[in-house]
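Taken together, the values in this text are just the output of simple stated rules run on the coordinates, not laboratory data. In this text the structure is predicted, and so the values were computed from the model without any measurement. We place every Cβ from the backbone using ideal geometry, glycine too, and count neighbours over all the protein chains shown.
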Amino acid sequence: MPSHDVVSWNSIITAYWKNGYLQEAKKLFYSKPNRNILSWNSMITGCVENGCLDEAFQYFKAMPQRNTESYNAMISGFVRWERIKDAGMLFREMPRKNVISYTAIIYGYMKVGEFEKARALFDEMPFKNDVSWMVMISGYADNGWFDEARELYQRMPNKNVVAMTAMITGYFNDGRVEDARTLFDGIRCKDLACWNAMITGYAENGIGEEALKLYLEMVKLAIRPDIFTLVSVTTAFSGLASVKEGRQMHAFVIKYGFEFDLSLCHSLIIMYSKCGSILDAEQAFRQMNGTCLVSRNTIISAFAQHGLYEKAVDFFNQMEVVGVEPDGVTFLSLLSACGHAGKVNKSMDFFDLMVRKYGIHPRPEHYSCLVDILSRAGQLEKASKIIREMPFEADGGVWVALLGACSFYLNIELGELAAKKLGNPHHSGTCVVLSNIYAWAGMWDEVTRMRLQKKEQGVKKQCAYSWMEIGNKVHHHFLGGDLSHPDTSHLEIKSISLQMKALVNIAEIDLLWSGFG
């Protein structure tokens, strides 16, 4: 260019910091013969975008004059990096505030859970736009303040798809699945975020089949899914435990070019593990571009859940080779693997290694797992000693583990203590286990007392459900003796039972004759 005006200078400075060349942008800024307020604002925004918040504030303080945009840029920067106190002080100093100023600080207050401050500012705003309403509604909905979110949504003058999406999330968080679906069906122009909210909501509420139906409908409408969609659908498959459909989902991931995304790979590993296909889970792990701590924790946890102790330990040992330091989650998976394999001494070794070598403070779940391992091995006194020496109050998981072992090893004293510590003696599970301990010990008076107590308190045992997959269709929610399904046939069950008994009788005769032989 033969000559440079203030516009061209500002443009090239902004271009540099937008592409990550902040130092070059600074050099150009200081070599610029004349600067206007836009030049200063550009440098403030550039420093904020590149994570240099203190430098941004230095530019702000050095400005010869400031306008509303200067304050907004600095307040937004403070909010973005969660320096809400500084943002609030600057907001109060502003001579002239606009809707952007209010919305930025309201978002900051909602971000750190200061809902009362956010609502007070929202109510005093002289003018509100769609973004202002959205910040308040989303903040309430995402943090469990559903009634407040719904009240604002009903008052919102122009309900757009973003507001509706926020309310869909709020409905799901509140467990109101049907209301979420009704609102979704009423949206004329659905965007990807709206579809994702529904699919994620179904998956997180354990309604995997509906999540999959919605995903297939979305694909038919030629709406291209993103990472969030695929992670949610993969989560839905994990709940259904259907490996065939899971592999089809994996093919979708590869088709859309997301096979190297870490969050999606982690979801695939979890999905395959829950579907019972640990080989596919390991293959998904090996195909990852990089193996971070989360990746290794995920695959070690998968091995632990499948009782593959040696595999879990091998992958743990590889962590040191590749320079990945374990955390508390890693050791929790290792303790779980020890529990499945009955490795009592190794569990103590891993617990000691976690504390002494890596300086990781054990959490309640570590103690719960260790107590469970010792209890299952019949070392109830040792488990009880660990509970007493815990640096914090034992939670329900620890006492449940001890109570279950007491029922197996008939330790009445510790069983009664565990039941008492659980804090809810009228819970059906606690009542049943404690009653069984008394029965196996021949303490029938106590059994009678427990049964009468259950009856008086109205305690009922929760029903367990089963499901099965036939012809690529999953049939859910079967109870014992359930005749509600149209294809139920107890004649087949009786036929199989008779055949089994016949085989057992033949085996007994063969065994008898072999004794004479």
> Separation between the residue 494 and residue 6 pseudo-spin-labels, each 7 Å from Cα along Cα→Cβ, expressed in nm?
Replying inline: 9.6
>> From the phi angles alone, apply the Karplus equation (6.51, -1.76, 1.60; θ = phi - 60°) to segment 119-135 and give each ³J(HN,Hα) in whole Hz, x where the residue is Gly or Pro.
In response: 5, 4, 5, 4, 5, 8, 4, x, 9, 10, 10, 4, 5, 4, 4, 5, 4
> Where q = 0.14, 0.20, 0.21, 0.25 Å⁻¹, what log10 of I(q)/I(0) comes from the Debye formula for segment 198-294, counting one point per Cα?
Replying inline: -0.45, -0.93, -1.02, -1.38
> What is the gain in length, in nm to one decimal, between residue 23 and residue 356 on full extension, counting 0.36 nm per residue of separation less the C-alpha to C-alpha distance?
Replying inline: 115.5 nm
> How many nm is it between the label spots at residue 217 and residue 395, if each spot is 7 Å from the Cα in line with the beta carbon?
Replying inline: 3.7
> In what sequence, highest mean first, do 196-202, 388-394, 277-283, 121-127 appear when ranked by Cβ atoms within 10 angstrom?
Replying inline: 196-202, 277-283, 121-127, 388-394
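Hey, got a sec? Which trypsin sites (Lys or Arg not before Pro) in segment 82-176 land in a DSSP loop and have at most 11 other Cβ atoms within 10 Å?
Values: sites: 83, 85, 92, 96, 97, 111, 117, 119, 128, 150, 155, 159, 176; in loops: 83, 96, 97, 128, 159, 176.
Of the trypsin sites (Lys or Arg not before Pro), the ones in loops of segment 82-176 whose Cβ has at most 11 other Cβ atoms within 10 Å are 96.
For residue 255 and residue 151, compute 0.36 nm times the residue count separating them, minus their Cα-Cα distance, and round to one decimal in nm.
So the extension gain works out to 33.2 nm.
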